[in-house]
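A.B. asks: Quick one: the structure is below, questions incoming.
Laboratory data are not the source of any read-out in this text; all were calculated from the coordinates shown. Keep in mind it's a predicted model, so treat the numbers as computed, not measured. Glycine gets a Cβ as well: all are built from the backbone with ideal geometry, and neighbour counts include every protein chain shown.
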Amino acid sequence: MNIQTIADAFSIMTIVACFILKIPQILSLLTLKSAKGISKLGLMLELTSYTVMTCYNYTNDYALLSYLEYPVILIQEFVLIYLVMKYLNRINIMTISLALCYFIISICLIKQIIPNVFLTILASMCTPISALSKIVQLFAIIRAKNSESVSLLTWIISVFTNITRVYTIWVDSGDVVLLGNFIISVFLSSSIMFSVMYYKPHTKKE
């Protein structure tokens with residue numbers, strides 16, 4: 001089995017895992033009807049990072065298998081953001097207007113109506129944006145000292161997919177921007193995973 005075959009296998013595993021990445025978190029919100037411990041800012045930063053990386057990979061004609069998880073996660077992210085905003089009573093004219101602006105800008109990036117040089121600049125900023133989104137979420141959990149609304153399974157999957165992506169990107173494109181993004185994500189996602197485990201409420205036995 002050669003290196004490329006292994007990379008393709010990892011890519012498929014990553015994409016399959018990403019189909020359910022946010023599902024445990026979504027189900028947790030639907031069950032608890034509470035967004036306690038979930039950072040709104042973290043979600044918005046995640047949305048920005050996933051959107052930019054989807055557009056960046058697409059406009060650079062990279063192999064679909066090397067980035068298909070981004071659009072897959074984006075769809076789940078939309079649902080997750082809607083639920084968080086709903087349970088925080090933040091759905092209003094302003095948030096709807098911001099959502100409309102987001103979709104218009106995204107289309108302009110994909111269609112390259114906005115010059116591609118701006119997308120390249122944004123892509124280079126995705127590493128700190130992605131890192132910041134995870135740092136914000138990590139501190140939200142630590143500050144609340146409660147991770148009841150945060151899904152442990154979601155972050156376990158996140159750590160796994162980030163590790164596999166480090167390998168597949170190294171084999172497929174060797175893109176330093178993408179590699180740096182995922183290496184940092186491995187560390188921060190692992191930190192969140194352990195904090196969720198530590199702060200998860202335990203039911204006391206009577």
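A.B. asks: Using the 10 angstrom Cβ neighbour count as an exposure proxy, how do Thr120, Thr48, Thr168 rank, fewest first?
C.D. replies: Values: Thr120 14, Thr48 18, Thr168 25.
By the 10 Å Cβ count, ascending, the order reads Thr120, Thr48, Thr168.
A.B. asks: From the residues Met53, Ser190, Ile141, which one has its Cα farthest along the dipole of the chain in the positive direction, the dipole being from +1 and -1 charges on Cβ of Lys/Arg and Asp/Glu about the Cα centre?
C.D. replies: Ile141
A.B. asks: Would you mind getting me the FRET efficiency between Phe194 and Ile23? Use the beta-carbon distance for r and R0 = 22 Å, nearest 0.05.
C.D. replies: Calculated value: 0.55.
A.B. asks: Still on this structure, I have one more. Can you give the charge dipole size of the chain about its Cα centre, rounded to the nearest 20 debye, using +1 on the beta carbon of Lys and Arg and -1 on the beta carbon of Asp and Glu?
C.D. replies: Values: 14 positive and 9 negative charges, 206 e Å.
Here the chain has a charge dipole of around 980 debye.
A.B. asks: Grab the Cα-Cα distance for Cys108 and Thr31, subtract it from 0.36 nm times how many residues apart they are, and report the gain in nm with one decimal.
C.D. replies: Details: separation 77, 0.36 × 77 = 27.72 nm, distance 3.69 nm.
Residue separation times 0.36 nm, minus the Cα-Cα distance, leaves 24.0 nm.
A.B. asks: Over all directions, how big on average is the projection of the convex hull of the alpha-carbon atoms in the stretch 3-199, in square nanometres? Each step should come with its number before you reach the end.
C.D. replies: On the way: hull surface 41.6 nm².
That works out to 10.4 nm².
A.B. asks: Let me ask something else about it. Sticking with the crude label model, points 7 Å out along Cα→Cβ, report the distance from Ile91 to Val117 in nm, one decimal please.
C.D. replies: Going by the 7 Å Cα→Cβ label model, 4.2 nm.
A.B. asks: How many lysine pairs does the chain hold where the Cα atoms are under 21 Å apart and the two sit 8 or more places apart or on different chains?
C.D. replies: Counting lysine pairs in the chain gives 23.
A.B. asks: Near Tyr70, within a Cβ-to-Cβ distance under 12 Å, what is the net charge of the other residues, with Lys and Arg +1 and Asp and Glu -1?
C.D. replies: Working: positive: Arg165; negative: Glu46, Glu69, Glu77.
With Lys, Arg at +1 and Asp, Glu at -1, the net is -2.
A.B. asks: Can you compute the radius of gyration and Dmax for the stretch 7-66, using only the Cα atoms, both in Å?
C.D. replies: 14.8, 41
A.B. asks: Using a simple spin-label model with points 7 Å from Cα along the Cα→Cβ vector, what separation in nm is obtained for Phe139 and Leu65?
C.D. replies: Going from the Phe139 label point to the Leu65 one covers 4.0 nm.
A.B. asks: Now a separate question. Counting other C-beta atoms within 10 Å, which of Phe194, Phe182 has the fewest, and how do the rest follow? Spell out each step's value before the answer.
C.D. replies: Working: Phe194 14, Phe182 21.
The most exposed by this proxy come first: Phe194, Phe182.
A.B. asks: Moving on to the next point. For the stretch 70-112, state which trypsin sites (Lys or Arg not before Pro) are in a DSSP loop and have at most 11 other beta carbons lying within 10 Å of their beta carbon.
C.D. replies: On the way: sites: Lys86, Arg90, Lys111; in loops: Arg90, Lys111.
Here the trypsin sites (Lys or Arg not before Pro) that fit, given the DSSP loop and packing criteria, are Lys111.
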